[in-house]
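Asker: There's a structure below that I have some questions on.
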Amino acid sequence: MAYTGGPKRLDLVGQRFGMPLVKLKIKSDNKATRFLCLCDCGKTKIIVGSELKRGNNKSCGCNRTPRTTYEYRDHPLYDVWKGMKARCKSEKHISRKNYLDKGVKVCDLWKNDFLTFYNWSIQNGWQEGLQLDKDIKAKQLGVPADSYSPDRCCFVSASVNNQNRSNTQLNLASVNEIRISTDNNSSLALKYKVSISHIIKIKQNKKWKV
């Protein structure tokens, strides 16, 4: 509720304190004046005015360095880490045939230590939206892509990742079959185990030029 009356108190509306921008003064009690702030990350948070002036709230908490794995659970990299491990150990995972069944493992350095994986990711170009890849560097090194580890992994865009996966599943003969086939794109994607978008691009001669 916006402040509309009572004794005049601290007013910081329109001022910026690090990442938070003060948008609205909240009706205060006898102890403190509070403000609704919009953080640069897009989240809002109610912060006590005196805390803002002391510089104790440089963000809504989004840029605070977590101290435990528990505090990282909402970070996008936590899902990347969990997904990496699930592919390599879960018998019910949809992709087990490409990971668990092929003996792909997560290295000891990352298997039980999310913080180590997180720090490596931040230092090696991770950005939200990029995907973890273990095949590209392995090919460059001439070693099997049989583990997730710092020396074999990198972050790439979804399109690069899809291209890399598709290239290992298709050859020139199968590409020619796709180009002349009258089957619909969904059926072809299922048959050749690639994405529908990849099938479309092959038919448009945007990949695998003869």
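The values are calculated or read from the model by the stated rules, or taken from the named source; none is laboratory data. Keep in mind the model is a prediction, meaning the values are calculated, not measured. Virtual Cβ from ideal backbone geometry, glycine too; neighbours counted across all protein chains shown.
Asker: Please work out which residue is surrounded by the fewest Cβ atoms within 10 Å (Cβ to Cβ), limiting yourself to region 139-155 and to residues that are in a loop (DSSP other than H, G, I, E, B) and of a type in the set (A, V, I, L, M, F, W, C). Step through it out loud before you land on a result.
Answerer: Taking region 139-155 first, the residues in a loop (DSSP other than H, G, I, E, B) are 142-146, 149-153.
Those left that are additionally of a type in the set (A, V, I, L, M, F, W, C): 143, 145, 153.
Working: VAL143: 12, ALA145: 18, CYS153: 24.
The selected residue is VAL143.
Asker: May I ask you to list the residues in region 13-42 that are surrounded by fewer than 17 Cβ atoms within 10 Å (Cβ to Cβ) and closer than 14 Å to ASN56 by Cβ?
Answerer: If the condition is that a residue be surrounded by fewer than 17 Cβ atoms within 10 Å (Cβ to Cβ) and closer than 14 Å to ASN56 by Cβ, then GLY18, ALA32 are the ones that fit.
Asker: Within the bounds of region 34-43, is there any residue that is in contact with a Pro (Cβ under 9 Å, 6 or more places away or on another chain) and modelled with pLDDT under 85?
Answerer: Taking region 34-43 and keeping what is in contact with a Pro (Cβ under 9 Å, 6 or more places away or on another chain), we get 35, 37-40.
From what is left, the residues that are modelled with pLDDT under 85 are 40.
Scanning region 34-43, I find at least one residue that is in contact with a Pro (Cβ under 9 Å, 6 or more places away or on another chain) and modelled with pLDDT under 85, so the answer is yes.
Asker: So, one more: Sort out which residues of region 138-158 are in contact with an Asp or Glu (Cβ under 7 Å, 6 or more places away or on another chain) and touching a residue at least 40 places away in the same chain (Cβ under 8 Å), and write them in order of number.
Answerer: Of everything in region 138-158, just one residue is in contact with an Asp or Glu (Cβ under 7 Å, 6 or more places away or on another chain) and touching a residue at least 40 places away in the same chain (Cβ under 8 Å), namely ALA145.
Asker: Related question: Answer yes or no as to whether PHE114 is closer than 30 Å to ILE200 by Cβ and modelled with pLDDT of 90 or more.
Answerer: On the way: closer than 30 Å to ILE200 by Cβ: no; modelled with pLDDT of 90 or more: yes.
Against the criterion (closer than 30 Å to ILE200 by Cβ and modelled with pLDDT of 90 or more), PHE114 does not qualify.
Asker: Now for a separate question. Identify all residues within region 63-77 that are modelled with pLDDT under 75, part of a loop (DSSP other than H, G, I, E, B) and surrounded by 14 or more Cβ atoms within 10 Å (Cβ to Cβ); write none if there are none.
Answerer: PRO66
Asker: Answer yes or no as to whether GLY103 is surrounded by fewer than 14 Cβ atoms within 10 Å (Cβ to Cβ) and touching a Gly at 6+ places or on another chain (Cβ under 8 Å). Spell out the reasoning first.
Answerer: Details: surrounded by fewer than 14 Cβ atoms within 10 Å (Cβ to Cβ): yes; touching a Gly at 6+ places or on another chain (Cβ under 8 Å): no.
Criteria not met by GLY103.
Asker: For region 78-121, how many residues meet the condition of being closer than 14 Å to SER149 by Cβ, of a type outside the set (D, E, K, R) and in a helix (DSSP H, G or I)?
Answerer: Result for region 78-121: 9.
Asker: Could you tell me which residue of region 46-57 is surrounded by the fewest Cβ atoms within 10 Å (Cβ to Cβ), considering only residues that are in contact with a Pro (Cβ under 8 Å, 6 or more places away or on another chain) and closer than 8 Å to PHE17 by Cα?
Answerer: To start, the set of residues in region 46-57 that are in contact with a Pro (Cβ under 8 Å, 6 or more places away or on another chain) comprises 47, 52, 57.
Keeping just the survivors that are closer than 8 Å to PHE17 by Cα gives 52, 57.
Details: LEU52: 23, ASN57: 19.
Looking at residues that are in contact with a Pro (Cβ under 8 Å, 6 or more places away or on another chain) and closer than 8 Å to PHE17 by Cα, I get ASN57.
Asker: Condition check: more than 24 Å from SER197 (Cβ to Cβ), surrounded by fewer than 13 Cβ atoms within 10 Å (Cβ to Cβ) and within 13 Å of the chain's Cα centre (by Cα). Does GLY125 satisfy that? Talk me through it step by step, then tell me what you get.
Answerer: Details: more than 24 Å from SER197 (Cβ to Cβ): yes; surrounded by fewer than 13 Cβ atoms within 10 Å (Cβ to Cβ): yes; within 13 Å of the chain's Cα centre (by Cα): yes.
For GLY125, the condition - more than 24 Å from SER197 (Cβ to Cβ), surrounded by fewer than 13 Cβ atoms within 10 Å (Cβ to Cβ) and within 13 Å of the chain's Cα centre (by Cα) - is met.
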